[in-house]
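Have a look at the structure below before the remarks.
The values are calculated or read from the model by the stated rules, or taken from the named source; none is laboratory data. Given the structure is predicted, the values throughout are model-derived calculations rather than measurements. All Cβ positions, even for glycine, are placed from backbone atoms using ideal geometry, and neighbour counts span all protein chains on display.
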Amino acid sequence: MLKSAMDGVHRAGMPAVYAEVRDAGRTWRGASGVADVRTGRPVRPDMRQRVGSITKTFTAAAVMQQVEQGRIQLDAPIGHYLPRLVPGERGRKITVRMLLNHTSGIPDYLRYAFPSLKEFPSLPDISPKSLDDNRFRQFRPAELIEMGLTAPPAGEPGGPTGVYSNTNYLLLAQLLEQVTGTTAEEYITRHVIERAGLRHTEFPSGPRIKGPHSRMYEAMYGLIDPPRDYSVYNMSWVGPSAALVSTMEDLNRFYGKLLDGRIVNRSSLAQMQRTVPVIALDGTTIDYGLGLHRVSIPDCGTFWGHDGSAWGAGTVSMTRADGKRQMSVAINLMRWNKPDSSGQPQHHPIDDALETLHQQAMCGNGNPRPKKASQVPAFVP
């Protein structure tokens, strides 16, 4: 049934979809479609993928390790650690926890780094020009952080509802560097990726993905027709917020070990699972902890994980709270929904096909469908 659901996603218009599902010690891997629409090269379930904001769970776990060692305090003001980056009243009000759960009120910098997308989600007023302009641009973290800090605030620090922001996680990366004396990428690699035993997960050292991978097709809501391949891209625009490359097998292994208390201790995991409502970049509201999403499905269970996208690639990885059911799914086309006459993205058969796949992967047959929170989001790098 999983292969049939996966084929349905491909038939609906997705060039390729591939996944690994684990259930009570059994593992299923599958793929459907093509990794390259020009050559017809088939996709394989072991291919590498830019996993976008799934990176945030890795970064959050690294921060929690430093909390356990007493070098970082969750409720200490960020200005205590980074007074030059976040000075004054803001630095005194915003805590490390607020950065982790997106309640800092610091807005995302993406609309300033990609100015042709500034009016998103008002689709008639955006263009894909910035995607090409930034393909090989090397951003500095301080440059991106400044864009977020100088923009109008997204809310008051510590408010009841957070606003998703990559700026928060770039600040956390600077915090890691401050307290460990090494870059966030190096620390996460040694103490999170290697601790989890991941063999195919890494921060890219250049614009190309090492190892077997699919091309990544971006449609930008029909503005790019036919969709353009963005698999070669300088990921400095997100860094430790969303730049990781991984495989579906590695993601399931990582979340399995994280939820089993083998990456951070049980006390830290409990902190990571304290959620607040957060407004995502596509306008939906998600239950967000410290680098973790919570998805609750009636008669199926509570799942923890993350989802994310890069230009042309979407990934979702969810693990049931008891650790016995896991799903990691990758796709190689993003923002396929063309706008209607009012400029709103239209529903597409891919949406229904992906929901069916997620239902079967997370719950098995005959269980209620997951809500939209379990789907790959529309605009969350």
Of the listed residues (Val9, Val63, Val21), the one being under 29 Å from Ser165 (Cβ atoms), aliphatic (A, V, I, L, M) and not in a loop (DSSP other than H, G, I, E, B) is Val63
Go through region 39-55 residue by residue and tally those that are buried (at least 21 other Cβ atoms within 10 Å of the Cβ), assigned to a loop (DSSP other than H, G, I, E, B) and out of contact with any Phe, Trp or Tyr (no Cβ under 8 Å at 6 or more places or on another chain). 1
Within region 194-208, restricting to residues that are surrounded by fewer than 22 Cβ atoms within 10 Å (Cβ to Cβ) and touching a strand residue (DSSP E or B) at 6+ places or on another chain (Cβ under 9 Å), the one that is nearest to Ala35 (Cα to Cα) is His200
With (1) among the β-branched types (Val, Ile, Thr); (2) without any contact (Cβ under 8 Å) to a residue 40 or more places away in the chain; (3) closer than 19 Å to Leu281 by Cβ as the list, and Thr167 as the residue in question, which single condition is left unmet? (2)
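To keep it simple, each residue is scored yes or no on (1) touching a Phe, Trp or Tyr at 6+ places or on another chain (Cβ under 6 Å); (2) surrounded by 24 or more Cβ atoms within 10 Å (Cβ to Cβ); (3) of a type outside the set (Lys, Arg); (4) in contact (Cβ under 8 Å) with a residue 24 or more places away in the chain.
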| residue | (1), (2), (3), (4) |
| --- | --- |
| Asp260 | no, no, yes, yes |
| Gln271 | no, no, yes, yes |
| Leu281 | yes, no, yes, yes |
| Thr285 | no, no, yes, yes |
| Met327 | no, yes, yes, yes |
Which one of these is of a type outside the set (Val, Ile, Thr), outside any helix (DSSP H, G or I) and out of contact with any helix residue (DSSP H, G or I) (no Cβ under 6 Å at 6 or more places or on another chain): Ser205, Ser127? Ser205
With criteria (1) farther than 17 Å from Ile94 by Cβ; (2) surrounded by 14 or more Cβ atoms within 10 Å (Cβ to Cβ); (3) modelled with pLDDT of 95 or more; (4) not β-branched (Val, Ile, Thr), Arg140 comes up short on (2)
State all residues of region 232-258 that are of a type in the set (A, V, I, L, M, F, W, C) and either crowded, with 17+ Cβ neighbours inside 10 Å or under 19 Å from Ile188 (Cβ atoms) (or both); if no residue qualifies, say none. Met235, Trp237, Val238, Ala242, Ala243, Leu244, Val245, Met248, Leu251, Phe254, Leu258
Based on this model, can you work out whether Ala361 counts as assigned to a helix (DSSP H, G or I) and modelled with pLDDT under 90? no
